[in-house]
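The values are calculated or read from the model by the stated rules, or taken from the named source; none is laboratory data. From a predicted model like this one, the values you see are computed outputs, not experimental measurements. All Cβ positions, glycine included, derive from the backbone under ideal geometry; neighbour counts span all protein chains shown. Side chains are part of the model used for accessible areas, which takes the heavy atoms of the whole protein and leaves out ligands, DNA and RNA. Shrake-Rupley method; radii C 1.70, N 1.55, O 1.52, S 1.80 Å.
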Amino acid sequence: MEELAGRLAALDPDAGAAVQVIAYFDRLVEGRAGLEALVRGAAVLSGCPARLVDADRHVRIRVEPDGRRSDETGPVRPEWPSTPLSPGGAPAVWLERTGPPTVVDSMVLERAASAARLVLDRTRGRAPAHGTADDPALLETVLDPTAAVAARLHAARGLGLDPDGQARA
């Protein structure tokens, strides 16, 4: 992939950068990165703050371009480039800049949203109704500090943990 990106960059810098964005997010997905890492990647690659907001799942993550998490509560602006988590859905991933998105911005948004959808489906969206203790999504949800309290408690019960007791990870 790196060789292809290098060849493309020699012919078309935007195409080479887009291939590098694809490779970057593919590595995060393969490593089972969490939501904050995905938003951090979007911010660093685009050079501007990035946000992931999924109101239905109570997720709100904002990361500065230097990689620092900064969950400010200001509203998103409609002129910022954005993309939904799924086709036809409401915008959920934003790059905090004005003006039309660049080719790289568009690729960052698309790949970040796709990866975030996989993480959310794995950890909060499509877990079995009656999870089992060997379900890795339950453990990931319990340990995810960005998960809603209700989702973490549900996952803890699915693992057989007493929500009122103590546990150590």
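Some values worked out for this structure:
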{"item": "J(HN,Hα) series, the stretch 44-59, from Karplus relation 6.51 cos²θ - 1.76 cosθ + 1.60, nearest Hz, glycine and proline x", "result": "5, 5, 8, x, 8, x, 10, 10, 10, 10, 10, 4, 4, 9, 6, 10"}
{"item": "From phi via Karplus (6.51, -1.76, 1.60), per-residue ³J(HN,Hα) for the stretch 140-148 in Hz, x at Gly/Pro", "result": "4, 5, 4, 8, 7, x, 8, 6, 4"}
{"item": "H154 accessible area, 1.4 Å probe, all protein chains in place, Å² to nearest 10", "result": "100 Å²"}
{"item": "Magnitude of the charge dipole, the stretch 1-124, Cβ model with Lys/Arg +1 and Asp/Glu -1, debye to 20", "result": "420 debye"}
{"item": "Carbon plus sulfur fraction of accessible area for the stretch 16-133, probe 1.4 Å, in percent", "result": "55 percent"}
{"item": "Calculated from backbone phi, Karplus (6.51, -1.76, 1.60) coupling profile of the stretch 79-88 in Hz, x at Gly/Pro", "result": "7, 6, x, 8, 8, x, 6, 9, x, x"}
